[in-house]
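Structure first, commentary second.
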Amino acid sequence: MDANTGMIGPPATCPYPEGTGYQFILQGDLPTAVGKAVFCSTKKGIGCPVGGYECVQVISFFMRDKTFDGICCPGKDIVCSQRRSSFTDVEDDEDGWLVRWHYIGDDCRSFKWNPEIKTTANIFITKEDCLSTCLGL
């Protein structure tokens, strides 16, 4: 059972950043929240209650309510506009060891990422993924 969402099956996670997207599921005391995670439905037209978030279908089985089949995740506009810091350069995380890419301006820059530190969803495995997701938004 996923302790964050109360679901049985694979843990629900947002697409970005890959591997730690669960940290960016919309949380809150909202009518569609189960526990703290905010759920939605891709089939029944129950969208996310916060602008900029999109409903991402998950394959886990909800314990409490069969109405929902998705979680609210930040959309590309939010993901790509998030900054790792207030600086224009991308700095390595403390103890970062994984090379990842961050969209800033009109380009993607590499940095060393520590996935144990929650920073931003604007983290991509490849430069190509970063550019194809964010360039032109």
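Values in this text are rule-based calculations from the coordinates and carry no lab data. As the structure is a prediction and not an experimental result, all values here were calculated from the model. Glycine gets a Cβ as well: all are built from the backbone with ideal geometry, and neighbour counts include every protein chain shown.
Can you give the FRET efficiency for Q27 and I59, using 1/(1 + (r/R0)^6), R0 = 25 Å, r = Cβ-Cβ distance, to the nearest 0.05? Once rounded, the FRET efficiency stands at 0.75.
Distance check, please: which entries in K43/K127; K36/K66; K36/K76 exceed 26 angstrom between their Cα atoms?
Working: K43/K127 33 Å; K36/K66 17 Å; K36/K76 22 Å.
The answer is K43/K127.
Couplings 3J(HN,Hα) for the range 45-52, derived from phi with the Karplus relation 6.51 cos²θ - 1.76 cosθ + 1.60 (θ = phi - 60°), are x, 9, x, 7, x, 10, x, x Hz, where x marks Gly and Pro. Taking a Cβ cut-off of under 12 Å around W97, the surrounding Lys, Arg, Asp and Glu residues balance to a net charge of -3, with basic ones at +1 and acidic ones at -1.
With the charge dipole of the range 78-134 set up from +1 on Lys and Arg Cβ and -1 on Asp and Glu Cβ about the Cα centre, the Cα lying farthest toward the positive end among the listed residues C80, I123, I104 is that of C80.
Under 5 Å between amide hydrogens, built in the peptide plane, is the criterion, and for L98 it picks out W113 among residues at least 5 positions away or on other chains.
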